[in-house]
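Right, one structure below, let's go through it.
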Amino acid sequence: MGAAAIGYLLAMGSNVLDMVGTTVVVLVVLMVLAAAAGFLLARLERRRARRIHDDLVEMRDQPGRHRR
């Protein structure tokens, strides 16, 4: 194996490491975005649930205004 072949393999290995590093960074960014989206959706759902709960409490406190 000549020096040129060794240099080629080292350059190819470096390229593969760069690709692996880039893939890892992209996956980490996607995981962070997914976590942020999940957090925001959970906040919206809690707000919606709170609004429904408040409406039910208001209906309970007004006799004769709701059906049984």
Residue within the stretch 45-61 that is modelled with pLDDT under 85 and either surrounded by fewer than 10 Cβ atoms within 10 Å (Cβ to Cβ) or of a type outside the set (G, A, S) (or both) present: yes
Condition met for R68 (charged (D, E, K, R), modelled with pLDDT under 90 and loosely packed, with under 10 Cβ neighbours inside 10 Å): yes
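The values are calculated or read from the model by the stated rules, or taken from the named source; none is laboratory data. Remember, it's a predicted structure, so these values are computed and weren't measured experimentally. Don't worry about glycine lacking a Cβ; one is built from the backbone with ideal geometry, like all the others, and counts go over all protein chains shown.
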